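Dropping a structure here in structure tokens format, bear with me for questions.
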Amino acid sequence: MRSWIKNRNILIGLIIISSLIIIAAFAPQVAPHDPTEVNSMVRLQPPSKEYPFGTDHMGRCILSRIVYGARISLLVGVAVISGSLFIGIVLGTISGYFGGLADDVIMRLVDGFLAIPSMFLALALAGTLGPGMVNLMIALIAVEWTSYARVVRGSILSVKEQDFVEATRGLGASDLYILVRHILPNIISPVIVIATLGIGYAILAAAGLSFLGFGVQPPTPEWGSMLDDGRLFMRKAPYIMVFPGLAIMITVLAFNFLGDGLRDEMDPRFRKEIPH
Amino acid sequence: MLAYISKRILLIMPALLFVSIISFSMVYLAPGDPAEILLMSPEGSPSPEAIDAFRVRMGLDQPIYVQYLRWLDNVIHGDFGYSYMSERPVADAIMKSFKATLKLSFVSMIVSIVVSIPLGIMAAVKHNTIIDDLCRFGALIGVSIPNFWQAFLLILLFSVYLDWLPVAGYGDGGDLKHMILPAITLGTSSAAVTARLMRSSLLEALSQDYIITARAKGLPEKIVIGKHALKNALIPVVTILGLNLGFLLNGAVVTEWIFGWPGIGDLVVDSIYQRDYTVIQGSILFIAVIFVILNLIVDISYTYLNPRIRYEIVD
């Protein structure tokens, strides 16, 4: 555990992510203005003391919108990963532990989902289901769950045949007991790593889809759709585009830092093969 | 080897069948009646007769499974139907935009390789130095930066301020001038992944016994790295191409749309905006088939190049 704190990547990731959570939780206190308040007197103002990141084409405070936007992005990221984890763990466990026909069917389903490049699948689903945050999450869960199902199945297959599991079964333990007591603890580390990286990916993809108009709808402050708003005023007011993009990048970067660091610490195979 | 290939091809079939079902059902995932929505005009709702006529014309009056089987049968024969909007063959639109995507992907791939391979090698050779740290940090930035944002930063710098390159467009049949910015946008994000892989692969190669032997017999470091380590470290280069492929196709969606590059990503985004379902169905299925085939080629060549994993594959 101590080495985790020493791992620079984990530390940087955790610091940024906790700051984001605090900002999101205390958005009303942190934000200098109401994020949706329209004020035609202060349209497209450059950064100033009153508006540290400037104002957009409707005179809304960009800093306040970014602060509130952290709520949306974190919520979408965590919700998408929770949904994907649930589906992935359930199907991956059935597939790996029980095998047989269930395994075949589930794995072909995974292959089918993986056959469509993720952004095309998410876009087509979000686009046809219609705009909105829930549809956006459904679309992203559809592309994310497969990796969890695969990892869980793979880990279970490798643990299942080991002596300690056989011994437990010999002692008369039930399937459920073996799964919860012996197999889940063994698959938890790889799952945590890909879930952390997955949150970053989900936030990035959600911003991209919202940017295209298929995700969270205005006037809700969302980083991707803020970039879309700024598109038309790029020449006159480039700062509209700079800050939301920076916010997305820093957030995704933090999850990548954390995920990378966790992988280094948790995956003994990785640690052995690749010297640091 | 042959058994492995045929097994892989057999496994593809159910996946593609499933993809065809997903693609086809896009029409029915959308809320509302497609015929009614498509015929909606500023003057108001369409008449029931017009809706019925449209349904019959587009085959929407048949039961869903009949529609699906008929569609699948046509698609297998290369007939993707007609666009709801332009009423032109969907297959033509797909082929035309796929050509544009291929062109852009090719240039992006070159950008990606030129940037990533030297960076990855440098990071591995200068392992645990500030250079290594900078390369790794750069790669993390590369995978974290939203490509639509990067696109705008590039446009802002090179088109708006410096006025060197066009903001967007296809130019004269997709000339280089119009391709530079989208290719950099797409190329750098996939370069980040490739550079990391190159680094770890070379580090792994450098830790092998034969490198110690090579060093022990007094070979200069240049030859140890260039001839002994790099040769083995480059085996996953095929996988690199495969990884790039996924990155390029996924990135194409937003990048092509921003730069007005008439590729398959742009086609899908536009057809979703216009609710042009036949085009959505056709292009999703098409892109999946291409993706699956290319991944298969990558897998097979990897197995061929790396005999160690050839016999380990169980599944």
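Please treat every number below as a calculation from the coordinates, not as lab data. Note that the coordinates shown come from a computational prediction; the quantities given were computed from them, not determined experimentally. Positions of Cβ are generated from backbone atoms using ideal geometry, with glycine treated the same way; all protein chains shown enter the neighbour counts.
About its Cα centre, how strong a charge dipole does chain B have in debye, to the nearest 20, once Lys and Arg get +1 and Asp and Glu get -1 at the Cβ?
1700
Still on this structure, I have one more. Putting +1 on Lys and Arg Cβ atoms and -1 on Asp and Glu Cβ atoms, find which of B:ILE287, B:ILE225, A:VAL30 reaches farthest to the positive end of the dipole of the protein assembly as shown.
Highest projection toward the positive end goes to B:ILE225.
Right, another one. Assuming R0 = 51 Å, what is the FRET efficiency of A:MET266 and B:GLU49, from their Cβ-Cβ distance, to the nearest 0.05?
For R0 = 51 Å, the calculated efficiency reads 0.20.
Sticking with this structure for a sec: Measuring from a point 7 Å past the Cα of B:ARG215 along Cα-to-C-beta, which residues in segment B:118-140 have an amide N at less than 17 Å?
So the set is B:122-129.
May I pose another question? Once R0 is set to 41 Å, what does the formula 1/(1 + (r/R0)^6) return for the Cβ-Cβ distance between A:LEU157 and A:ILE250, expressed as a FRET efficiency to the nearest 0.05?
0.60
Moving to a separate point now. Report the charge-dipole magnitude of segment B:2-76 in Debye, nearest 20, computed about the Cα centre from +1 at each Lys and Arg Cβ and -1 at each Asp and Glu Cβ.
Charge dipole of segment B:2-76: 640 debye, to the nearest 20.
Can I ask one more? Give me the one-decimal nm value for the distance between modelled label points at A:ILE188 and B:LEU29, 7 Å along each residue's Cα-to-Cβ direction.
3.5
Quick check: residue separation of B:LYS177 and B:PHE137 times 0.36 nm, minus the Cα distance between them. What number comes out in nm?
Here the segment from B:LYS177 to B:PHE137 would lengthen by 11.4 nm.
Here's another thing I want to ask about it. Compare A:PHE86, A:PHE214, A:PHE164 in a GNM of chain A, Cα atoms joined below 10 Å, and give the one with the largest fluctuation.
Highest fluctuation of the listed residues: A:PHE164.
Over its Cα atoms, what ratio of radius of gyration to 2.2 N^0.38 Å does segment A:108-177 give?
Compactness ratio reported: 1.65.
Per the helix-only calculation at 222 nm, which mean residue ellipticity applies to chain A, given -39500 (n - 2.57) for every DSSP H run of n ≥ 4 and division by its residues, nearest 500 deg cm²/dmol?
Computed mean residue ellipticity for chain A: -23500 deg cm²/dmol.
A follow-up question, please. Between B:ILE130 and B:PHE106, take the C-beta separation as r, use R0 = 45 Å, and let me know the FRET efficiency to the nearest 0.05.
0.85
For the pair A:THR36/B:MET85, report the inter-label distance in nm, with labels modelled 7 Å from Cα in the Cβ direction.
According to this spin-label approximation, the distance is 3.1 nm.
Among B:TYR68, B:TYR161, B:SER116, whose Cα projects farthest towards the positive end of the dipole of chain B, with charges put on the beta-carbon of Lys, Arg (+1) and Asp, Glu (-1)?
Among B:TYR68, B:TYR161, B:SER116, the one farthest towards the positive end of the dipole of chain B is B:SER116.
Based on the alpha-carbon gyration tensor of segment A:1-115, what equivalent-ellipsoid semi-axes (square roots of 5 times the eigenvalues) come out, in whole Å, largest first?
So the three semi-axes of segment A:1-115 are 43, 21, 11 Å.
May I pose another question? Step by step: find N for chain A, compute 2.2 N^0.38 Å, then divide the Cα radius of gyration by it. What's the final number?
Rg over 2.2 N^0.38 Å, computed on Cα atoms: 1.18.
Which listed residue (A:ALA142, A:GLY230, A:GLY112) has the Cα farthest towards the positive end of the charge dipole for chain A, taking +1 on Lys and Arg C-beta and -1 on Asp and Glu C-beta about the Cα centre?
My answer, from the dipole projection, is A:GLY230.
Right, next: Excluding same-chain residues fewer than 8 positions from A:LYS236, which lysines have a Cα within less than 28 Å of its Cα?
Those lysines meeting the cut-off are A:LYS49, B:LYS177.
Calculate the all-directions average of the projected area of the protein assembly as shown's alpha-carbon convex hull, and give it in nm².
Convex hull of Cα atoms, orientation-averaged projection: 32.5 nm².
At 27 Å minimum axial length over the Cα atoms and a Kyte-Doolittle cut of -0.5, report the qualifying DSSP H helices in chain B, or say none.
Counting only whole DSSP H runs, the qualifying helices are B:2-29, B:90-125, B:176-206, B:237-258, B:277-305.
Taking a virtual spin label 7 Å from the Cα of B:GLN274 along the C-beta vector, which residues in segment B:1-37 bring their backbone nitrogen under 18 Å of it?
Of the residues in segment B:1-37, B:27, B:34-37 have backbone N under 18 Å from the label point off B:GLN274.
Then there is this: Mind telling me which of A:LYS160, A:LYS236, A:LYS49 comes out most flexible in a GNM of chain A, alpha-carbon contacts under 10 Å?
Most flexible of the set in this elastic network: A:LYS49.
Additional query: About the Cα centre, and with charges only on the beta carbon of Lys, Arg (+1) and Asp, Glu (-1), how big is the dipole of the protein assembly as shown? Nearest 20 debye, please.
Result for the protein assembly as shown is approximately 1960 debye, rounded to the nearest 20.
Let me know the Kirkwood hydrodynamic radius for segment B:96-274, please, with Cα pairs as the basis and the value in Å to one decimal.
In segment B:96-274 this quantity evaluates to 17.5 Å.
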